[in-house]
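The values are calculated or read from the model by the stated rules, or taken from the named source; none is laboratory data. Being a predicted model, the structure only gives us computed values, none of them experimental. Cβ placement follows ideal geometry from the backbone for every residue including glycine, while neighbour counts extend to all protein chains displayed. These accessible areas exclude ligands, DNA and RNA; they are computed on the full protein's heavy atoms, side chains included. Shrake-Rupley method; radii C 1.70, N 1.55, O 1.52, S 1.80 Å.
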Amino acid sequence: MPAIVFDMDGVLIDSERLVLRAWEHVGAEMGIPGLNDLFYRAIGTTHAHTATLFAEAFGDSVDYIAFRDRVREYFYNVLTVNGAPLKTGARELLDWLKAEGWAIGLASSSREAGVRLNMERTGLISYFDVLIGGDMLKASKPAPDIYLRACAELGVAPASAFAVEDSYNGVRAAHAAGMHTVMVPDMVPATEEMRALAETVLPDLLHVRDWLKEKRPA
């Protein structure tokens, strides 16, 4: 059975821009400078890793837990009003994968409860055979652990499975796991490193569907 594992934020739902907006809003309220660069370094990682980045940047002068909680409140308040917008081609790709009999996993650095909630709100939860959140493991992307676990729970070898990612840390993680890695850039463009690590770089999930129609695991 062919298998594929997706990241969530920036791949299936258009959430990264809202997260950045939340960071900017809360950062201004708390008087925290220089968050833009820190945000891009944190894309695709867990809250624990982001806490480390904050400690390195600000020491004890910024309460990361308070910042994180206020960002989360802002983020979910907006989602409650507007819903979580899907990325172009998300439902079409998932429909095709299900019809073709693919095993489908989700491997997000976000907390498992939040991932499940977002997937339920968008109506995508039923597509996934396996759902892994970043709080279910110790090591964050770019470590391959989350993808290795997703493949193990799907019952497939990483070398025969695909991964779809938008972030640098996500691409590094999927590649390190030995998967066929597809990058669909969102907030950050594909660099030379990303093009070397990914099997292909595509503009949206509709193009991923078309590419997969011509491609199967080795």
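With respect to being more than 19 Å from GLY10 (Cα to Cα), acidic (Asp, Glu) and buried (at least 17 other Cβ atoms within 10 Å of the Cβ), ASP145 fits the description. Note on the stretch 152-171: residues that are open to solvent by 10 Å² or more (accessible area, probe 1.4 Å) and among the hydroxyl-bearing types (Ser, Thr, Tyr) amount to 2.
Quick one: would you say SER126 is among the polar types (S, T, N, Q), under 19 Å from LEU205 (Cα atoms) and surrounded by 15 or more Cβ atoms within 10 Å (Cβ to Cβ)? It is false that SER126 is among the polar types (S, T, N, Q), under 19 Å from LEU205 (Cα atoms) and surrounded by 15 or more Cβ atoms within 10 Å (Cβ to Cβ). Residues that are in a helix (DSSP H, G or I) and either under 21 Å from PRO185 (Cα atoms) or polar (S, T, N, Q) (or both) within the stretch 98-122 comprise VAL115, ASN118, MET119, THR122, listed in sequence order.
Hey, among the residues in the stretch 172-198 that are farther than 17 Å from ALA143 by Cβ, buried (at least 17 other Cβ atoms within 10 Å of the Cβ) and not aliphatic (A, V, I, L, M), which one's farthest from the chain's Cα centre (by Cα)? Filtering the stretch 172-198 for residues that are farther than 17 Å from ALA143 by Cβ, buried (at least 17 other Cβ atoms within 10 Å of the Cβ) and not aliphatic (A, V, I, L, M), the one farthest from the chain's Cα centre (by Cα) comes out as HIS180. Among residues of the stretch 80-96 being touching a residue at least 60 places away in the same chain (Cβ under 8 Å) and not in a helix (DSSP H, G or I), the one that is most open to solvent (accessible area, probe 1.4 Å) is THR88. Residues that are open to solvent by 40 Å² or more (accessible area, probe 1.4 Å) and hydrophobic (A, V, I, L, M, F, W, C) within the stretch 97-123 comprise ALA99, ALA113, LEU117, listed in sequence order.
The residue that is nearest to ARG149 (Cα to Cα), among those in the stretch 179-201 that are in a loop (DSSP other than H, G, I, E, B) and in contact (Cβ under 8 Å) with a residue 24 or more places away in the chain, is MET179. Cβ-Cβ under 6 Å, sequence separation 6+ or interchain: first residue in the stretch 132-143 and closer than 11 Å to ARG172 by Cα and in contact (Cβ under 8 Å) with a residue 24 or more places away in the chain, partner of a type in the set (Lys, Arg) and open to solvent by 60 Å² or more (accessible area, probe 1.4 Å). Which pairs? Final answer for the pair search is PRO142/ARG172. The lone criterion from (1) part of a helix (DSSP H, G or I); (2) polar (S, T, N, Q); (3) farther than 23 Å from VAL188 by Cβ left unmet by ASN36 is number (3). Scanning the stretch 160-178 for residues that are among the aliphatic types (A, V, I, L, M) and either part of a helix (DSSP H, G or I) or modelled with pLDDT under 95 (or both) gives VAL171, ALA173, ALA174, ALA176. The residues of the stretch 27-76 that are without any contact (Cβ under 8 Å) to a residue 60 or more places away in the chain and polar (S, T, N, Q), listed by number, are ASN36, THR50, THR52, SER61.
Just one of the listed residues (PHE58, PHE54) is buried (at least 19 other Cβ atoms within 10 Å of the Cβ) and aromatic (Phe, Trp, Tyr), and it is PHE54. Could you list, in sequence order, the residues of the stretch 202-212 that are out of contact with any strand residue (DSSP E or B) (no Cβ under 9 Å at 6 or more places or on another chain) and either part of a loop (DSSP other than H, G, I, E, B) or modelled with pLDDT under 95 (or both)? Of everything in the stretch 202-212, those that are out of contact with any strand residue (DSSP E or B) (no Cβ under 9 Å at 6 or more places or on another chain) and either part of a loop (DSSP other than H, G, I, E, B) or modelled with pLDDT under 95 (or both) turn out to be PRO203, ASP204. Of all the listed residues (ALA99, ALA157, ALA107), the sole one being within 18 Å of the chain's Cα centre (by Cα) and modelled with pLDDT of 95 or more is ALA107.
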